[in-house]
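The values are calculated or read from the model by the stated rules, or taken from the named source; none is laboratory data. Because the structure is a prediction, the values reported are computed rather than measured. Methodologically, a virtual Cβ is constructed for each residue, glycine included, from the backbone with ideal geometry; neighbour enumeration extends over all protein chains shown. What goes into the accessible areas is simple: the full protein's heavy atoms, side chains included, and nothing from ligands, DNA or RNA. Shrake-Rupley method; radii C 1.70, N 1.55, O 1.52, S 1.80 Å.
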Amino acid sequence: MMATQYEGNKTFTIFEKEKEQPSKNEVRIKVAFVGVCGTDVHIYHGMMDKRVNIPVTIGHEMSGVIDAVGEGVSDFVIGDKVVVRPLDDRKVKPSDKGFNHICEELKFIGIDSPGAMQEYWNVPAFVLHKLNNDTDLKLAALIEPLSVATHDVRMSGLQAGETVVILGGGPIGLLIALVAKESGAQVIVSEINETRIAKAKELGLTTVNPMQVDVVAYVKEQTEGRLADVVFEVAGVQSALDVMTEVAGIRGRIVMVAIHGEKKPVDLFKFFWKELKLIGARVYEKEDYEKSIALINANKLPFEAMITDVQPLSNIQQVFENIDKNPDGMKVLMDCSL
Ligand SMILES: [Zn+2]
């Protein structure tokens, strides 16, 4: 079988190895497609060399078909189409209060342990979600990032008819926009990059460019002064932190999706004045995956347009180099059979 490894120093290698028999309570998946996540790009750039165990096979946004079943696995059979929810929460403790997805000793599969950028992948059965027989495996590779979006929207408590402002129109921002719109919200995406603005428009979304338009004034005008009921901060930059407290209306909820690696100034007075709420959201839970699987199976949203490139896994080095050259693309998938 073909496998790939990140070797450090912006380098992937491709090699042949023997398929491994699944251990007890494990399955072996023939990986169909694997998506490249922002986190994978961070790893490629060497930003996570202290965390990953180099050399390491990475990748966690995937779809595939069960190819072999280990002893003790009863819920899955060979031929089942599946996706992996890549959270290893086996070391959960009472102090995690049942929130296993963010437990203190959480291991992320594909970062802390081997991932999906290979032809066959052995995983414990408890991370699997079964798909329908007719689920499109290309679209199914979007289920992991889509579940970030369904989780974020669920955490926001979004109601139909509410106004949502999304700060940042990258892959996650646009998936949040699609999920929020599908929930019956009025959605406005704030983004500065023209390629991403064009993609958002192609997806049928309303956009505003803060370099050209005063976003707060624009949202005010669109809402008869009520401003946003929910703001998703997906940009991770100071200007978004400045706008989020301005563009949120009375009792507005702000969901922190972006990962801010350091402390940054936030206008806390606005939290007092407008009784705002700040909500943290990280990865996803089982029900978020179930919601995403239902959305992919229904296939009413323009998911196909989120996939901007499909390349053979054997081109992995080129794929990451191209993402550096063209960072405005949306989801790049790799076909793991090629
Ligand atoms: Zn991801």
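Projecting label points 7 angstrom from Cα along Cα→Cβ for residue 272 and residue 212 puts them 3.9 nm apart. The lysines within cross-link reach of residue 130, meaning a Cα-to-Cα straight distance under 23 Å and a gap of 8 or more places when in the same chain, are 19, 24, 30, 81, 107, 138, 286, 291, 300, 331. Any chance you could give the angle, 0 to 90 degrees and rounded to 10, that helix 316-325 forms with the longest Cα principal axis of the chain? Value to nearest ten degrees: 20.
Using the Cβ atoms and a cut-off under 15 Å, what net charge is assigned to the surroundings of residue 24, where Lys and Arg are +1 and Asp and Glu are -1? With Lys, Arg at +1 and Asp, Glu at -1, the net is -2. In the chain, the DSSP beta bridges split such that about 55 percent are antiparallel, to the nearest 5. Rolling a 1.4 Å probe over the protein chains gives residue 269 an accessible area of about 110 Å². Can you list which of the trypsin sites (Lys or Arg not before Pro) found in the stretch 1-109 are DSSP loop residues with at most 15 other C-beta atoms within 10 Å? Filter output for the stretch 1-109: 10, 17, 19, 24, 50, 51, 90, 91, 97.
On a straight-distance basis, which aspartates and glutamates could pair with residue 17 in a cross-link, Cα separation under 14 angstrom, same-chain partners fewer than 8 positions away excluded? Result set, ordered by chain and number: 119.
For the chain, the 222 nm mean residue ellipticity estimated from helices alone, with every DSSP H stretch of n ≥ 4 adding -39500 (n - 2.57) and the total spread over all residues, rounds to -8000 deg cm²/dmol.
For the pair the stretch 1-40 and the stretch 179-233, the centres of their Cα atoms are 38 angstrom apart. Lys and Arg at +1, Asp and Glu at -1: add these up for the other residues within a Cβ distance under 11 Å of residue 121 and post the number. Its environment carries a net charge of -1.
Only Lys, Arg, Asp and Glu carry charge here, each on its Cβ (+1 for the first two, -1 for the last two); on that basis the stretch 148-280 has a dipole of about 260 debye about its Cα centre.
Label positions at residue 315 and residue 1, each projected 7 Å from the Cα along the C-beta direction, are separated by 2.4 nm. Kindly identify the stretch 148-280 as rounded, prolate or oblate by the Cα gyration tensor criterion: order the square roots of the eigenvalues as a ≥ b ≥ c, call it rounded if a/c is under 1.5, otherwise compare a/b with b/c, prolate if a/b is larger, else oblate. Taking the square roots of the gyration eigenvalues as a ≥ b ≥ c, the stretch 148-280 is rounded.
With distances taken between every two different alpha-carbon atoms, the chain has a Kirkwood hydrodynamic radius of 20.8 Å. Rolling a 1.4 Å probe over the protein heavy atoms leaves residue 316 with an accessible area of roughly 0 Å².
The lysine pair count for the stretch 148-280, using Cα distances under 28 Å and pairs eight or more places apart or on different chains, is 16. The alpha carbon gyration tensor of the stretch 70-229 gives principal lengths a ≥ b ≥ c with a/c of 1.5 or higher and a/b greater than b/c, which makes the shape prolate.
In the chain, a dipole from Cβ-located charges (positive for Lys and Arg, negative for Asp and Glu) runs towards its positive end, and of 4, 155, 192 it is 155 whose Cα lies farthest in that direction.
Exposed loop sites here are GluC sites (Glu not before Pro) in DSSP loop states with at most 16 other C-beta atoms within 10 Å. What is the longest stretch of the chain lacking them? It works out to 106-223. Sparse packing (at most 13 other Cβ atoms within 10 Å of the Cβ) combined with a DSSP loop state is found for the following trypsin sites (Lys or Arg not before Pro) in the stretch 213-300: 263, 300.
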